[in-house]
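Student: Would you mind keeping the following structure in view while I ask a few things?
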Amino acid sequence: MELFTAPPQPSRFASTQLMTSTPTGLLGYQPKPDTFDEMLLPSGELRPHWRVFGSFLSQCSAQDLRSRLGTVQRLLHDHGVTYNIHDEALGASRPWALDLIPFIVAADEARMIAEGLDQRMRLLNAILADIYGPQTLVKEGWIPPALIAANPAFLRPVAGIMPPGGRFLHIVGCDLVRHSDGQWRVLADRVQIAGGQGYALENRIIMANVFPEEFNASRVQRLAEYFDTERETLRSLAPSRRGNASIAMLTPGPRDETYFEHAFKARYLGFPLVESADLTVRDRRVHLKTLEGLRRVDVLLRRQEDFSCDELELADKSAAGIPGLVEAWRSGSVALANGLGTGVVGTPALHPFMPGLCRHLLGEELKIPCVPTWWCGQKREEKLVLSSPERWVIKQAFVRGKSDPIFLNQLDASARDAALDRIRAAPHEWIAQETLQLSTTPTWVQDHLEPRPVVWRTYMLANGPGYTMMPGGLSRVSPDANGWVVTMRSGGVSKDTWVLSDGPVVRKTLLGTLPVVIRQARPPSEVPSRVADHLFWLGRYAERLEQTVRLLRTSLQRLSGENAAIQSRELQGCMSLMVEFEWIEASQSLSDIKALLRTIVDDPKHPGSVPQLIGAVRYNAAAARDRMSDDTWRLFNRIERDASLEASGYSITSALAMLDTLVLNLAAFSGMQIENMTHGHGWRFMELGRRIERALIVAAHMKAGAETAVVNDSVLVPLLEICDSTMTYRRLHFARPQIVQTAYLLLQDASNPRSVAYQIESLMAHEAQLPSGPERSNDPANIRRTAKMRETLQALDLPAWTTTPDKALRAVPDTCASLIKQLEDFSLAITEHYFSHAVRRVH
């Protein structure tokens with residue numbers, strides 16, 4: 001997502017946009033001289049398509065817009081909208097930036113652009129069909145051979161593959177910029193992955209809520225019909241012999257910088273979100289690894305770059321791809337949107353040749369020109385660039401990854417010479433463009449409006465013989481008034497793009513048809529094994545986090561006030577539980593323990609700390625994000641926010657307050673899991689993870705507690721507190737905790753939702769309903785494991801030892817150790833049986 005603009009300097013272009021006046025009430029907005037302003041005419045009047053929203057702005061106060069901006073930021077936070085989930089410089093996530101003022105496009109202008117981009121898409125498809133086919137364009141000199149041979153995006157394994165209808169491109173992003181003369185030009189083609197559609201949809205949902213009346217009064221075209229068309233387009237790509245198409249969206253995973261939009265769009269369209277590990281190729285067919293076994297996939301909506309799609313045939317062996325995907329596509333058993341190898345026409349080095357190619361292939365003049373570009377692989381262009389370097393911004397012609405443009409006039413002499421030497425050494429790898437004076441659009445900055453250069457990413461969707469343009473898109477502006485580069489990774493600000501309609505807008509939503517799409521694209525029972533794996537560990541880590549928080553809270557309470565002395569018997573009991581969990585060593589001093597507890601409370605690098613466990617919870621939730629409701633994700637955001645002590649600093653008081661809040665938030669998550677999540681197989685595996693983890697922890701606590709109670713029965717008080725069973729014990733016994741009664745409550749009382757018995761009964765009920773299919777059946781060995789756990793637990797005759805507690809003190813640790821081993825074996829069996837498909841047979 002990249003745009004370069006001119007630094008403040010006198011324009012080389014004629015002054016056609018000089019402001020003479022500005023409408024009052026526009027919060028200090030002053031367009032730049034000699035620049036095309038998207039909102040105001042040269043006379044200072046509102047452009048016709050801005051009159052409705054501009055009139056609203058003229059009546060707004062700064063306070064009103066501040067309030068609406070607060071709503072925007074709150075919704076972005078609640079929805080968990082991020083651009084880069086793992087940004088080392090900015091922490092765990094980088095919030096998505098959305099400007100308060102939309103970018104507005106007139107209806108007639110949008111139609112003109114749609115016609116021009118439809119022509120461009122047909123042209124790019126024709127070029128791709130030739131490049132991977134007869135290559136007559138190269139042979140006849142229409143395209144220089146180096147543009148193909150030296151381009152790493154040209155995939156030789158794709159040569160000879162012709163998708164149905166010769167269409168490689170199904171969804172394309174096209175970055176447009178407007179010059180000072182008012183002419184739109186193409187800056188870049190996003191032909192491999194048209195990123196940003198999910199963000200455009202999220203922006204629209206938020207802005208339509210923040211400006212509901214203005215949105216409707218402006219007659220803004222809706223986006224639902226575009227996405228409905230996208231679903232139909234993808235269905236149409238399925239092999240003709242397959243009536244009920246199975247469609248999936250392929251993502252690099254939660255560590256990808258745009259993963260949010262992958263999950264958001266997949267959930268909106270009703271398609272499963274899958275990673276490479278979810279897919280396998282058998283007999284030249286792509287299959288999804290589900291809990292029931294392997295399921296055929298007909299169409300992949302690709303959000304993963306070419307080089308990481310097939311480690312068998314494509315270049316990058318370091319990426320975990322789908323071995324055999326190219327061959328499956330070659331055989332016609334699976335459709336890819338977009339096709340592999342499309343990145344070869346995404347190079348800006350192709351721009352100088354587009355007008356001639358358009359005339360040659362389509363017999364038409366290019367309707368929307370490209371930004372003037374010189375490819376240094378040609379001698380004349382190389383000489384021109386080297387002779388007057390101050391004129392140019394240079395960019396790599398073939399880029400895989402992140403690369404910013406280089407402004408030669410901003411470099412010192414030595415840096416400029418080094419850049420020119422790189423061009424001389426490999427001229428075909430560089431392009432040059434003149435710095436442009438781009439159009440500006442109003443942007444809300446610190447209580448007033450400022451003009452900022454804008455780039456508009458449009459989206460084109462294959463529809464019948466041609467292409468349909470999204471009536472919107474993703475617009476971006478620089479966060480800096482003097483910024484030269486607009487990229488989302490460098491802090492760019494997005495805008496909702498309003499394409500207006502000439503007449504009344506037909507209101508359409510996908511919500512009315514969404515259940516039908518889900519039934520066709522993703523049967524509720526068919527949960528990808530990887531997703532079930534992440535949900536399983538989400539349940540385990542959520543429970544581990546809760547029990548860690550409870551142990552911390554109980555221990556810190558006994559480090560404050562009169563009970564802070566190391567001789568406190570209850571504190572010694574807490575220490576024995578910490579030793580069991582390998583937090584401390586038995587010989588550590590009180591000061592060491594205090595320092596270590598602080599580390600566990602707030603050090604994200606410490607294994608098993610609260611921040612580290614929250615990160616694990618969030619990662620596993622993110623990996624299954626398309627199955628998480630908005631309310632659940634808001635709760636994850638709240639958990640992450642409430643666990644921070646940065647504002648108040650660390651103290652035992654502040655730590656206890658934070659831990660109390662976390663207990664409530666985790667209880668809310670448990671409630672949402674039970675009450676709000678569909679009780680299908682995904683939910684069942686999350687429950688299995690939670691129940692296994694709770695049983696393991698309670699058994700470990702009880703083992704340590706019984707061993708400690710031999711010399712210090714005061715451990716039973718914090719033990720009951722940690723296991724949230726204090727009130728239950730008091731209601732039953734009205735006495736100080738005793739070992740037999742405590743062990744029975746925490747181990748054998750099936751009515752106590754914190755007991756091991758309760759967890760085992762739950763595991764048995766869930767295991768009996770685990771998925772089965774023609775390729776798998778419920779493993780009897782797994783069922784025998786849960787039954788054996790119950791037998792082991794029932795063999796502990798605690799009621800008979802009420803008067804002889806010494807027997808319980810000897811028997812309980814051994815029983816707990818046996819249960820821990822059986823639970824770990826059961827967890828491993830579940831993993832091997834349901835999450836691995838290494839030896840599955842395809843029928």
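Student: Could you let me know the centre-to-centre spacing of the stretch 597-623 and the stretch 238-277, using Cα atoms, in angstrom?
Tutor: Answer, in whole Å: 29.
Student: Scan the stretch 319-417 for trypsin sites (Lys or Arg not before Pro) in coil per DSSP, keeping those whose Cβ has at most 12 other Cβ atoms within 10 Å, and list them by number.
Tutor: On the way: sites: R330, R359, K367, K379, R380, K383, R391, K395, R400, K402, R416; in loops: K367, R400, K402.
Qualifying residues, ordered by number: K402.
Student: If the only charges are +1 at each Lys and Arg Cβ and -1 at each Asp and Glu Cβ, what is the size of the charge dipole of the chain around the Cα centre, to the nearest 20 debye? Present the calculation step by step, with values, prior to reporting the outcome.
Tutor: Values: 93 positive and 95 negative charges, 307 e Å.
Dipole of the chain, to the nearest 20 debye: 1480 debye.
Student: May I have the convex hull volume per residue, in Å³, for the Cα set of the stretch 200-342?
Tutor: Values: hull volume 19.4 nm³, N = 143.
Spelled out: Cα convex hull of the stretch 200-342, divided by residues, is 136 Å³.
Student: Related question: The stretch 641-761: D in µm²/s via Stokes-Einstein (Kirkwood Rh, Cα pairs, 37 °C, 0.692 mPa s)? Each step should come with its number before you reach the end.
Tutor: On the way: Rh = 16.3 Å.
Stokes-Einstein gives a translational diffusion coefficient of 202 µm²/s.
Student: Taking a probe of 1.4 angstrom, what is the accessible area of C60 in Å², to the nearest 10?
Tutor: 20 Å²
Student: If you don't mind, there's one more thing I want to ask. Suppose only helical runs count, i.e. DSSP H with n ≥ 4. What mean residue ellipticity at 222 nm does that imply for the chain under -39500 (n - 2.57) per run, divided by all residues and rounded to the nearest 500 deg cm²/dmol?
Tutor: On the way: 27 runs with 361 residues, N = 843.
When only DSSP H runs of four or more count, the value is -13500 deg cm²/dmol.
Student: Restricting to the chain, what percent of DSSP beta bridges are antiparallel, rounded to 5? Numbers along the way, then the final one.
Tutor: Working: 57 of 72 bridges.
For the chain, the DSSP antiparallel bridge percentage is about 80.
Student: Still on this model: Can you tell me the FRET efficiency between C60 and R391 if r is taken as the Cβ-Cβ distance and R0 is 35 Å, rounded to the nearest 0.05? Provide the component values of the computation, followed by the final result.
Tutor: Working: r = 42 Å, r/R0 = 1.21.
That gives a FRET efficiency of 0.25.
Student: Given the stretch 333-460, what whole percent of its Cα pairs are spread farther than 23 Å? Don't skip to the end; give the middle numbers.
Tutor: Values: 3922 of 8128 pairs.
Percent of Cα pairs beyond 23 Å in the stretch 333-460: 48.
Student: Something else about it: Label-point separation (nm) for D630 and R296, each offset 7 Å from Cα along Cα-to-Cβ?
Tutor: If labels sit at D630 and R296, their model points lie 3.7 nm apart.
Student: With a Förster radius of 56 Å, plug the Cβ-Cβ distance of L664 and Q378 into 1/(1 + (r/R0)^6) and report the FRET value to the nearest 0.05. Numbers along the way, then the final one.
Tutor: Values: r = 67 Å, r/R0 = 1.19.
Efficiency, rounded to the nearest 0.05: 0.25.
Student: Charges on Cβ only, +1 for Lys and Arg, -1 for Asp and Glu, centred on the Cα centroid of the stretch 209-286; of F215, L279, T258, which one is farthest towards the dipole's positive end?
Tutor: L279
Student: While we're looking at this one, here's another question. When the chain is fully extended, how far beyond the present Cα-Cα distance does D480 get from M162, taking 0.36 nm per residue of separation?
Tutor: Values: separation 318, 0.36 × 318 = 114.48 nm, distance 4.54 nm.
Separation in residues times 0.36 nm, less the Cα-Cα distance, equals 109.9 nm.
Student: Lys/Arg Cβ at +1, Asp/Glu Cβ at -1, dipole of the stretch 101-220 taken about the Cα centre: which of A146, C174, L187 is farthest positive-ward?
Tutor: A146
Student: Rank A418, A397, L645 by how far each Cα sits towards the positive end of the charge dipole of the chain (+1 on Lys, Arg Cβ; -1 on Asp, Glu Cβ) and give me just the farthest.
Tutor: Final value for the positive-end residue is A397.
Student: Another question, if that's okay. Could you do me a favour and compute the accessible area per residue for the stretch 653-785, 1.4 Å probe, result in Å²? Write down the numbers at each step before the final one.
Tutor: Numbers: 5070 Å² over 133 residues.
That works out to 38 Å² per residue.
Student: Check each of the GluC sites (Glu not before Pro) in the stretch 545-623 and keep only those in coil by DSSP with at most 12 other C-beta atoms within 10 angstrom; list them in order. Don't skip to the end; give the middle numbers.
Tutor: Values: sites: E546, E562, E570, E580, E582, E585; in loops: E582, E585.
For GluC sites (Glu not before Pro) across the stretch 545-623 that sit outside H, G, I, E and B with at most 12 neighbouring Cβ atoms in 10 Å, the list reads E582, E585.
Student: In nm, to one decimal, how far is the modelled label at R284 from the one at V399, with both set 7 Å along Cα→Cβ?
Tutor: For R284 paired with V399, the spin-label model returns 3.9 nm.
Student: Ratio of alpha-carbon Rg to the 2.2 N^0.38 Å globular estimate for the stretch 257-311, to two decimals, please. Numbers along the way, then the final one.
Tutor: On the way: Rg = 12.0 Å, N = 55, 2.2 N^0.38 = 10.1 Å.
Cα-based Rg divided by the globular estimate yields 1.19.
Student: What net charge do the residues around E45 carry, taking every other residue with its C-beta under 13 Å from that of E45, with Lys and Arg at +1 and Asp and Glu at -1?
Tutor: Details: positive: R47, R51; negative: D37.
Summing Lys/Arg as +1 and Asp/Glu as -1 gives +1.
Student: With label points built 7 Å along Cα→Cβ from the Cα atoms of Q135 and E45, find their separation and express it in nm.
Tutor: Inter-label distance under the simple model: 5.9 nm.
Student: Calculate what fraction, in whole %, of the accessible area of the stretch 237-311 sits on carbon and sulfur atoms when a 1.4 Å probe is rolled over the protein chains. The partial results should precede the final answer.
Tutor: Numbers: 870 of 2180 Å².
Answer for the stretch 237-311 is 40 percent, counting heavy atoms of protein chains only.
Student: Which value, in debye to the nearest 20, describes the size of the charge dipole of the stretch 684-835 about its Cα centre when Lys and Arg Cβ atoms bear +1, Asp and Glu Cβ atoms bear -1, and nothing else is charged? Walk me through the numbers on the way to the answer.
Tutor: Values: 17 positive and 18 negative charges, 51 e Å.
Rounded to the nearest 20 debye, it is 240 debye.
Student: What does the extension gain come out to for A800 and K605, with contour length at 0.36 nm per residue minus their alpha carbon separation?
Tutor: 65.5 nm is the gain from fully extending A800 to K605.
Student: Rounded to the nearest 20 debye, what is the charge dipole size of the stretch 398-468 about its Cα centre when +1 sits on each Lys and Arg Cβ and -1 on each Asp and Glu Cβ?
Tutor: Magnitude of the dipole: close to 300 debye.
Student: Can you give the Rg and Dmax of the stretch 140-286 based on its C-alpha atoms, in angstrom?
Tutor: 19.3, 57
Student: Report the accessible area of S772, computed with a 1.4 Å probe over the heavy atoms of all protein chains in place, in Å² rounded to the nearest 10.
Tutor: 70 Å²
Student: What FRET efficiency would be calculated for the residue pair E585, Y650, taking the C-beta separation as r and a Förster radius of 25 Å, to the nearest 0.05?
Tutor: On the way: r = 23 Å, r/R0 = 0.91.
Once rounded, the FRET efficiency stands at 0.65.
Student: Work out, step by step, the length gained on full extension between E109 and D412: first 0.36 nm times the residue separation, then minus their alpha carbon distance; give nm to one decimal. Show your work: numbers first, answer last.
Tutor: Working: separation 303, 0.36 × 303 = 109.08 nm, distance 4.22 nm.
Separation in residues times 0.36 nm, less the Cα-Cα distance, equals 104.9 nm.
Student: Two-decimal Rg/Rh of the chain from alpha-carbon positions, Kirkwood Rh?
Tutor: Values: Rg = 31.4 Å, Rh = 30.3 Å.
With Rg and the Kirkwood Rh in hand, the quotient comes to 1.04.
The values are calculated or read from the model by the stated rules, or taken from the named source; none is laboratory data. Keep in mind that what you see is a predicted model, and the values were worked out from it rather than measured. With ideal geometry, Cβ positions are generated from the backbone for all residues, glycine too; neighbour counts draw on all protein chains shown. Remember, those area values only see protein heavy atoms, side chains included, never the ligands or the DNA or RNA. Shrake-Rupley method; radii C 1.70, N 1.55, O 1.52, S 1.80 Å.
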